[in-house]
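Here the structure comes first, spelled out in structure tokens, and everything after it is commentary.
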Amino acid sequence: MARRRHSRPQPAPVEVSGPSPAGTPHSRLAAPRRHAVLAGLALVVLTLVVYVQTWRFDFVQMDDPLYVFENGHITAGLTWSGAVWALTSFHAGFWIPLTWLSFMAEVQLFGVNPGAMHLGNVVLHLANTLLLCWLLNRMTKRLWPSVVVAALFALHPLHVESVAWITERKDVLSTCLALCATGAYVAWVTRPRWTTYAAVLLLFVLSLMAKPMLVTLPVLLLLLDIWPLDRLPRAPWPRRVSTLVREKLPLFAIAGAFGVLTVVSQHQGETPLDALPLPARMATAVTGTAAYIGRMFWPVHLSPIYFLSPDVLRIPGTGPAPSPAATADAMWAVLAIAGITGMALSWRRQRPYVLMGWLWYLIALLPVSGFLQSGPQSMADRFTYVPLIGLWIAVVWVAADLCHGRVARMAAVAAASLAIGACVFVSFGQVQVWRDSVAYSTRATEVTLGLDEFTAHIVAGEMMDRDGRLGEAMAHYTDAVRLQPASAQARQHLARTLVVSGRADEALPHLREALRLDPGLTAAHRTLGALLVSQQRYDEALPHLREAARRQPDDEGAQVDLGIALTFTHQTQEAVAAFDRVLRLNPENAVARRAKAELAGLAPSLRR
């Protein structure tokens, strides 16, 4: 016995059933297997009612070209070179090789077919729904609350974006693997084996290879240890926590490595961490955290994109103070978050699922809350895909435990049915937003027009631009620059439409001013470099093209322009290297092949 006491501590096998809530015996909570099967079938049917319509949907111009149909590695299907690219590329600012490989596999099987890719997302979402229901039922032995949580997860309008947008394959795929990792963890808790723990580690790595958002999974597993697994041994608080943390150190190490990798890859994006000052990022984070809760209960005016408000964008040297309205929103958000946190803490003993669910929401949302700003959005519906699970658990379990008596249970069933029915109705319409680019742009413009005039002009300009209506787009961008002269993004947009319209001389001052305001604006470097090449001003073009090629190494056009500029500035070896990069991206690029052949003729020593 002494030997066992001093040996390396092992997690004790536990009965994964959770505490019996409100003194209710577990025997009363168990449901016949046929009820679970019927509930699963109902979840599948309701989910398909909402999402099967996506079979007829097209791509949208928001990120789908970048991720799929204009990405030569994807449209080539499963190839060795494509697999190498997937494993080594930071394309679109992420290292997500598993997502790229899933797209390649679909192209290999079905061609570049948007309907098949939409259904691929739907199948993964169905798997996530059933996995969530199974996990909750296994851990708590309470079928019907588990079914209600899974139904809300499957059908809530805030989750439409993650399922109906092809680009968000990374969301549903990473969540599926994370839920599988959670299932393996529950199995390991029940019967500790090294093979089961190895499965947890492998599935966690695969989840992060699809999308790195769930780096918080080790902490979420700690929350499950508290409730419903009830794994806290009867020991002083520091020892209890340290035991549970120690067994997850490999998971934390993996999360830390992927966190560093994500920061490095995001550094190549359009909106680096310092694009917003820390107070503005904090205000955006707390306001969004509170706003998602409101939209969970009242999901109206949902948009494909919510742009950052102009009053929080940094203007170098003259950064504007936040407006009184923005300051008030942030203060109310802080008070709401503090109030809910206080309530959850006060209920930590009698209703531990409230604290677990609330902390799950806050922790799962943290990587995308806005503290680490990435992209032009202030918030996004897709960010709630995993975090809202915690809030639904808290709400549904409170309601279930308050249902004492037949009348209360009937009222709870009616309320749950009404909520699920409302989700089906609203989500069915929300899915239509992702039908094609016209539907997407129409919805984004409608919602944004209710915001500030500047943002409305930017959104409307982008929508017109994608539809090829350059004159109307230019008018909107001109108004945006008039309203916010220090907006680098607005000037870059206006300059690009001027260049395409053949008014290059008018575009030059806007591009130079955009880069003065934001030297890291890749698109402005790219446009200015290409414009200067077209004017045969190669020496001036080189710094901008080098920067654009460095930030976007997979941009075929940028590499071609860089090669041309290097050729005419007599930097032959670098020019050949640039054209080689182009040919690795697209072996059929005629410009690069011809230019490289001509350079090889001028310099025979460079021939392979």
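Scanning segment 67-93 for residues that are within 16 Å of Ile166 (Cα to Cα) and loosely packed, with under 15 Cβ neighbours inside 10 Å turns up just one, Glu70. Against the conditions (1) modelled with pLDDT under 90; (2) part of a helix (DSSP H, G or I); (3) in contact with a Pro (Cβ under 9 Å, 6 or more places away or on another chain), Arg409 satisfies every one except (3). Comparison of Thr284, Thr216 shows that the only residue that is within 22 Å of Leu362 (Cβ to Cβ), of a type in the set (Ser, Thr, Tyr) and either in contact with a helix residue (DSSP H, G or I) (Cβ under 6 Å, 6 or more places away or on another chain) or at pLDDT 90 or above (or both) is Thr216. Would a scan of segment 520-536 turn up a residue that is charged (D, E, K, R), farther than 22 Å from Ala597 by Cα and under 34 Å from the mean Cα position of the chain (by Cα)? There is at least one residue in segment 520-536 that is charged (D, E, K, R), farther than 22 Å from Ala597 by Cα and under 34 Å from the mean Cα position of the chain (by Cα).
Residues that are at pLDDT below 95, aliphatic (A, V, I, L, M) and in a helix (DSSP H, G or I) were ranked within segment 421-451; the one that is surrounded by the fewest Cβ atoms within 10 Å (Cβ to Cβ) is Val438.
Here is a yes/no grid of residues against (1) of a type in the set (Ser, Thr, Tyr); (2) surrounded by fewer than 20 Cβ atoms within 10 Å (Cβ to Cβ):
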| residue | (1), (2) |
| --- | --- |
| Gly563 | no, no |
| Thr569 | yes, yes |
| Pro587 | no, yes |
| Ala590 | no, yes |
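Test Thr129 against the criterion of being within 19 Å of Ile393 (Cβ to Cβ), touching a residue at least 24 places away in the same chain (Cβ under 8 Å), in a helix (DSSP H, G or I) and of a type in the set (Ser, Thr, Tyr), and give yes or no. Answer is yes for this residue.
So that you can scan it fast, the table gives a plain yes or no per residue for (1) within 28 Å of Ile305 (Cβ to Cβ); (2) in contact with a strand residue (DSSP E or B) (Cβ under 8 Å, 6 or more places away or on another chain); (3) without any contact (Cβ under 8 Å) to a residue 40 or more places away in the chain:
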position	(1), (2), (3)
Ala415	no, no, yes
Cys423	yes, no, no
Arg435	yes, no, no
Val438	yes, no, yes
Thr442	yes, no, yes
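Assess whether Asp580 counts as being acidic (Asp, Glu), touching a helix residue (DSSP H, G or I) at 6+ places or on another chain (Cβ under 9 Å) and in contact (Cβ under 8 Å) with a residue 60 or more places away in the chain. So Asp580 does not fit the description; no. Considering (1) over 26 Å from His301 (Cα atoms); (2) at pLDDT 80 or above; (3) surrounded by fewer than 20 Cβ atoms within 10 Å (Cβ to Cβ), the lone condition that Asp479 does not fulfil carries the number (1).
The single condition among (1) surrounded by 15 or more Cβ atoms within 10 Å (Cβ to Cβ); (2) closer than 26 Å to Ala86 by Cβ that Ala514 does not meet is (2).
Sub-7 Å Cβ pairs linking a first residue in segment 363-391 that is over 18 Å from Trp227 (Cβ atoms) to a second residue that is modelled with pLDDT of 85 or more and outside any helix (DSSP H, G or I), at least 6 apart or interchain, are Leu365/Pro387; Asp381/Leu302, ordered by first then second residue. Regarding segment 366-376, can at least one residue be identified that is surrounded by fewer than 19 Cβ atoms within 10 Å (Cβ to Cβ), of a type in the set (Phe, Trp, Tyr) and more than 24 Å from Ser162 (Cα to Cα)? So far as segment 366-376 goes, no, none of its residues is surrounded by fewer than 19 Cβ atoms within 10 Å (Cβ to Cβ), of a type in the set (Phe, Trp, Tyr) and more than 24 Å from Ser162 (Cα to Cα).
For segment 477-514, which residues satisfy the criterion of being among the hydrophobic types (A, V, I, L, M, F, W, C) and farther than 18 Å from His457 by Cα?
Selection gives Val499, Val500, Ala504, Ala507, Leu508, Leu511.
Of everything listed in (1) part of a helix (DSSP H, G or I); (2) out of contact with any helix residue (DSSP H, G or I) (no Cβ under 8 Å at 6 or more places or on another chain); (3) more than 15 Å from Val68 (Cα to Cα), the single unmet condition for Ala105 is (3). Take the conditions (1) modelled with pLDDT of 85 or more; (2) buried (at least 16 other Cβ atoms within 10 Å of the Cβ); (3) farther than 26 Å from Trp95 by Cα; Glu506 misses just one of them, which is (2).
If a residue must be surrounded by 13 or more Cβ atoms within 10 Å (Cβ to Cβ) and not in a helix (DSSP H, G or I), how many such residues does segment 383-406 contain?
The number of residues fulfilling the criteria is 4.
Restricting attention to segment 56-76, which residues are more than 18 Å from Ile96 (Cβ to Cβ), more than 20 Å from the chain's Cα centre (by Cα), outside any helix (DSSP H, G or I) and not hydrophobic (A, V, I, L, M, F, W, C)? Asp58, the sole residue that qualifies. Considering every residue within segment 21-34, establish whether at least one is at pLDDT 80 or above and not in a loop (DSSP other than H, G, I, E, B). Within segment 21-34 (the criterion being at pLDDT 80 or above and not in a loop (DSSP other than H, G, I, E, B)), the answer is yes, since at least one residue qualifies. When Leu583, Leu517, Leu542, Leu566 are checked against the criterion of being out of contact with any strand residue (DSSP E or B) (no Cβ under 6 Å at 6 or more places or on another chain) and closer than 29 Å to Glu462 by Cβ, a single residue qualifies: Leu517.
Would you confirm whether or not segment 523-545 contains a residue that is of a type in the set (Ser, Thr, Tyr) and farther than 29 Å from Asp479 by Cα? Checked segment 523-545: at least one residue is of a type in the set (Ser, Thr, Tyr) and farther than 29 Å from Asp479 by Cα.
What about Ala116, is it under 25 Å from Phe297 (Cβ atoms), modelled with pLDDT of 95 or more and over 19 Å from the mean Cα position of the chain (by Cα)?
Values: under 25 Å from Phe297 (Cβ atoms): no; modelled with pLDDT of 95 or more: yes; over 19 Å from the mean Cα position of the chain (by Cα): yes.
No; evaluated as a whole, the condition is false for this residue.
The values are calculated or read from the model by the stated rules, or taken from the named source; none is laboratory data. Nothing here was measured: the structure is a model prediction, and the numbers come from that model. Cβ sites come from the backbone with ideal geometry, for glycine too, and all protein chains shown count toward neighbours.
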